[in-house]
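*Asks:* Dropping a structure here in structure tokens format, bear with me for questions.
Each value in this text was obtained by applying a stated rule to the coordinates, not by laboratory testing. The shown structure was predicted, so the numbers you read here are calculated from the model rather than taken from an experiment. Cβ placement follows ideal geometry from the backbone for every residue including glycine, while neighbour counts extend to all protein chains displayed.
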Amino acid sequence: MEKQVVEYAGIPVGITIPDGKGVKFIAVKFPVIELDGEIYENLAELQVAIRNHLEMADRNGQAIFASAIAPSVTGPSLGVPDRKAFNAA
């Protein structure tokens, strides 16, 4: 496992670094700063956390990456990352 840049809606939002058997998220954008330093089992789990976090912000009137969140998602998170919204390199 190596370091990876994590993008959401084409915007780099952080990086992951190996941490034990998982990955540690280092935020580089303010909208996801609350997730900074958290450890996730894998990249997919991190993507779900980012999506849920940004959907919550959107529901609270802080639409930051609104173009990447499907307009039909208005209830509780589906827990599935939008494959088009994420990119990790």
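*Asks:* For the pair Lys3 and Asp36, how long in nm is the line joining their label points, each one 7 Å along Cα→Cβ?
*Replies:* Calculated label separation equals 1.7 nm.
*Asks:* Now for a different question. Give me a comma-separated list of calculated 3J(HN,Hα) values for segment 11-17, in order, Karplus coefficients 6.51, -1.76, 1.60 applied at θ = phi - 60°, integers in Hz, x for any Gly or Pro.
*Replies:* In residue order, the calculated couplings are 10, x, 10, x, 10, 10, 10 Hz.
*Asks:* Also, quick follow-up: Taking θ as phi - 60°, what are the ³J(HN,Hα) couplings along segment 30-37 by the Karplus curve (6.51, -1.76, 1.60), each to the nearest whole Hz, with x for Gly and Pro?
*Replies:* With the stated coefficients, segment 30-37 comes to 4, x, 10, 4, 5, 8, 4, x Hz.
*Asks:* Next question, about the same structure. Amide H to amide H, which residues 5 or more places from Asp36 or on other chains are under 5 Å from it, using H placed in the peptide plane?
*Replies:* Under 5 Å from the amide H of Asp36: Ala27.
*Asks:* Turning to a different aspect of this structure: Under the rule of at least 5 residues apart or a separate chain, name every residue whose amide H is placed under 5 Å from the amide H of Val13.
*Replies:* Distant-sequence amide H within range of Val13: Val6, Glu7, Tyr8.
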